[in-house]
Each structure stands twice: as C-alpha cells, then as structure tokens.
Amino acid sequence: MAEVPVALQVLPFESNANWERRRAEIASYGLPPIKASSHFIQSWGLTPVGPGVDWEQLEFWTRRAFDRLAQIGVEVVGVYGDFFAVPDGFPRSAAMDQAIRFVNLLADHASRHDMLVALEPTANPNTLWPMYLDAVAFAKQTGRAEVRVMADLAYFIRGGQDLQDIAREPDYCVHCHIAGEGGQPGVGDRRAIHARLFRILREIGYTRGVSAACPWVSSTGGKLNFSLETARALTYLQRLREEVYNE
C-alpha cells in the first residue's frame, strides 16, 4: 500500500481540471494501492483552532479533499495533531469546541465515502490531544464511529509512551507510522522496538497498514538513491514482519 499527503498531492483548492491532470500523474507513478493519506490541511494557512478560523475555507477544502481522495482509493484519512495546537492566550475550552466541530466535519465527509479519520497525536503538550490515549479519549468524545487514531512510532518515542497503549484500545488503531533513526526503517538500530510494535499489532489482530512516513536518507553516505533505499527499507520490514508473525 501507499500513503499520500493531502495538501501536496490532492490540491483541494486547485480547479477540477488541474486535479484531473494531477490524478493522471499520480496514476503514472505505478504506486501500490493508495490506502491512506496524511497531513490533511498542511499549508495554505488553514487551521481548525484559534482566533479567526475560516470555516468557509475549511468546509470547501474538506469536501473537495474527501471527494478526490475517494477517487484514488484512500480509506484512512490522517489528521496531524499539531494542527490542533492551542495558541497562546486562547481559551483551551474554545479550542476544544472548534476541534470537535472540525472533526465532526471530517467525519461527515468520511461517512459519505465509507472512509475513516485517523487522528495523529504528536506528543506536543501544546496540542489538544498530545498522547495516543488522549487522542482515543477525544475520538470517543466526538461520538463519531468514523473517528479513530493513528499510532506513530516516532511520537511514542518522543513522548515516552508505552506501545502497549495501542492494545488498551485495539479497535481505535486504524493506521501506523514507522521510521528508523532519522530516516527510513532499517536506518540505525530500532529493530527491537520495531519487533515489539509488530508483536502488539499481531496480538490485537491488526490488519491495516504500517507505512514508513518519514524522511528518506542515504544509508551509504553517498548521494541518496531513492529506489535503493526504498527496497532496503521494505525488505527490512518484510523480513521483520515475517519473523514476528511466525513466532
């Protein structure tokens, strides 16, 4: 499977003619099925919380984004937690009300296309739901079955969170991100924690995607060879997954 960033690839503010050209370009890449997306409103200054939230733009962006994501087969729409950072001096309760309104808007459009929304907590204490279980609690607060959570290994490490938290609410985990040390899986030595993540996913019966959403670096010290590094990362993950699931 593959994952695409909404703002960079789906271009909701661009015309339908421009989207058709982009969709043809994406199809020409020869990617595996595109099952997930990330960074829903990155760029263009859109924000769902704080003073001056432009609901007209958010509603236009959201409708267009979901319509276009459906056309390329996306099933899980990731929403980055840092978009929900509370500005200095802004009431947290007001930000929470705005966040619930926005996530309900996402859920409305997800429901139209039989998609799920995945909240991505980033261990940022200035956000409304910094930790994985915070995001689960927020998802429950919305009361929407379409709203779930993404487990990003980088933020589990950053926040000192226990990966076992995923197993505490197994039905809420609908996507995972995984990375190496400063780059793609296989860079550095995170094999032990990668294996632990796969064991937890195996134990909870997880069947969705684990995507390598991270910067790509050269593991040889020379010029980055994207195809070579991708093949190495995928081989590393496939072997590790096979080993864990055959224990």
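Has segment 232-246 got at least one residue that is surrounded by 15 or more Cβ atoms within 10 Å (Cβ to Cβ), under 16 Å from the mean Cα position of the chain (by Cα) and in contact (Cβ under 8 Å) with a residue 40 or more places away in the chain?
No: segment 232-246 contains no residue that is surrounded by 15 or more Cβ atoms within 10 Å (Cβ to Cβ), under 16 Å from the mean Cα position of the chain (by Cα) and in contact (Cβ under 8 Å) with a residue 40 or more places away in the chain.
Out of (1) in a loop (DSSP other than H, G, I, E, B); (2) surrounded by fewer than 18 Cβ atoms within 10 Å (Cβ to Cβ), what's the single condition that is false for Ile41?
(2)
Tell me, please, whether a residue that is in contact with a helix residue (DSSP H, G or I) (Cβ under 6 Å, 6 or more places away or on another chain), of a type in the set (D, E, K, R) and more than 21 Å from Glu75 (Cβ to Cβ) can be found in segment 192-201.
Yes, segment 192-201 contains at least one residue that is in contact with a helix residue (DSSP H, G or I) (Cβ under 6 Å, 6 or more places away or on another chain), of a type in the set (D, E, K, R) and more than 21 Å from Glu75 (Cβ to Cβ).
I'd like the full set of residues that are over 12 Å from Gln161 (Cβ atoms) and either in contact (Cβ under 8 Å) with a residue 40 or more places away in the chain or not aliphatic (A, V, I, L, M) (or both), limited to segment 129-147.
Once the filter is applied, which keeps residues that are over 12 Å from Gln161 (Cβ atoms) and either in contact (Cβ under 8 Å) with a residue 40 or more places away in the chain or not aliphatic (A, V, I, L, M) (or both), segment 129-147 yields Trp129, Phe138, Lys140, Gln141, Thr142, Gly143, Arg144, Glu146, Val147.
Among the residues of segment 196-219, how many are among the aliphatic types (A, V, I, L, M) and over 27 Å from Leu31 (Cβ atoms)?
Final tally of qualifying residues: 2.
Which residues, counting only those in segment 49-81, are farther than 18 Å from Ile34 by Cβ, part of a loop (DSSP other than H, G, I, E, B) and either out of contact with any Phe, Trp or Tyr (no Cβ under 6 Å at 6 or more places or on another chain) or outside the structural domain of Asp114 (by TED's automatic domain parsing) (or both)?
Selection gives Pro51, Gly52, Val53, Asp54.
Residues of segment 1-14 being part of a helix (DSSP H, G or I) and under 14 Å from Ile72 (Cα atoms), which ones?
Val6, Gln9
Is it the case that Leu228 is touching a residue at least 40 places away in the same chain (Cβ under 8 Å), under 23 Å from Pro32 (Cα atoms) and either of a type in the set (Val, Ile, Thr) or in a helix (DSSP H, G or I) (or both)?
Working: touching a residue at least 40 places away in the same chain (Cβ under 8 Å): no; under 23 Å from Pro32 (Cα atoms): yes; either of a type in the set (Val, Ile, Thr) or in a helix (DSSP H, G or I) (or both): yes.
No: the conditions fail for Leu228.
Given the criterion of a type in the set (A, V, I, L, M), surrounded by 15 or more Cβ atoms within 10 Å (Cβ to Cβ), assigned by TED's automatic domain parsing to the domain that holds Met150 and not in a loop (DSSP other than H, G, I, E, B), identify the matching residue among Ala17, Ala36, Ala27.
On inspection, the qualifying residue turns out to be Ala36.
The values are calculated or read from the model by the stated rules, or taken from the named source; none is laboratory data. Everything quoted here is computed from the prediction, not taken from an experiment. Virtual Cβ from ideal backbone geometry, glycine too; neighbours counted across all protein chains shown.
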